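First comes the structure, then the notes that go with it.
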Amino acid sequence: MATEVNQKRAIVYIDGFNFYYGLKNAFGNKYKWLDIQRLTEHFLQPDMVLVQVKYFTAKVKGEAEQRQALYFKALQAHCNKLTIIYGRFLNSSKQCQHCGKQYQQPEEKQTDVNIACEMLNDAYLDNYDSCYLVSGDSDLVPPLRMIKEQHKNKRVYVANPPKRKSNQLCQLASGYFDVSENKIKSSQLPQTVLSTKGNPLTKPKQWS
């Protein structure tokens, strides 16, 4: 992407479920119809230009599946710099701490690895001057440390989701900040978004 001479290229990497559960714990369903690209534009410094937003998540099953699919279609139609990168869910055996009974619980897999690979590969290919990591997951310390050591000209900023923060990530970052409610509130999608095929995609009633 062509940029002006003094502009710094920025890529934003979003740990989807880490951000989602922080958002849900802080505000319930209030801000789920979120324009992710617009939100990330609030992060940038005046001399930066947004090159790409990479959103890492997995497809859910069951009652929430249709709402998630609708939301992703709306994002892809509305956000021209957004790429959704999918991990997957695997059932994991758990034991109830109270009764000892075994049960199956789905766990998200691959997201941390996907984020680390994309951040490091983009640094190696010189796709950004600065990047933002939206996550409070300390499992992402290794890629930040590697970028800091191997790509000293790159800047990595950490954006803490609501109710999510890793002091380890913040200590390694070139800078960090909390994603505020004001930024989230001002970054909502229109009530209805037209899909890439021209079909209306309307905000789910459960998210009102």
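The values are calculated or read from the model by the stated rules, or taken from the named source; none is laboratory data. These numbers were taken from a predicted model, which means no experiment stands behind them. Cβ atoms come from the backbone with ideal geometry, glycine included; neighbour counts cover every protein chain shown. Only protein heavy atoms, including side chains, enter the accessible area calculation; ligands, DNA and RNA are left aside. Shrake-Rupley method; radii C 1.70, N 1.55, O 1.52, S 1.80 Å.
A few points about this structure:
- Qualifying positions in the stretch 1-11 - out of contact with any Asp or Glu (no Cβ under 9 Å at 6 or more places or on another chain) and either free of Cβ contacts under 8 Å to residues at least 24 places away in the same chain or surrounded by 20 or more Cβ atoms within 10 Å (Cβ to Cβ) (or both): Ala2, Val5
- Members of the stretch 21-64 found to be of a type in the set (Asp, Glu), outside any helix (DSSP H, G or I) and surrounded by fewer than 16 Cβ atoms within 10 Å (Cβ to Cβ), listed by number: Asp47
- Scanning the stretch 145-156 for residues being hydrophobic (A, V, I, L, M, F, W, C) and either open to solvent by less than 40 Å² (accessible area, probe 1.4 Å) or in contact (Cβ under 8 Å) with a residue 40 or more places away in the chain (or both) gives a total of 2.
- Restricting the stretch 189-198 to residues that are at pLDDT below 95 and open to solvent by 60 Å² or more (accessible area, probe 1.4 Å) leaves a set whose member that is nearest to Cys131 (Cα to Cα) is Thr196.
- Members of the stretch 115-141 that are assigned to a helix (DSSP H, G or I) and open to solvent by less than 40 Å² (accessible area, probe 1.4 Å): Ile115, Ala116, Met119, Asp122, Ala123, Leu140, Val141
- Candidate set: the stretch 90-114, residues that are within 30 Å of Lys197 (Cβ to Cβ) and open to solvent by less than 70 Å² (accessible area, probe 1.4 Å); chosen: the one modelled with the highest pLDDT: Asn114
- In the stretch 37-65, the residues that are touching a residue at least 60 places away in the same chain (Cβ under 8 Å) and of a type in the set (Val, Ile, Thr): Thr40, Val51
- Count - residues of the stretch 157-188 that are assigned to a strand (DSSP E or B) and open to solvent by 10 Å² or more (accessible area, probe 1.4 Å): 6
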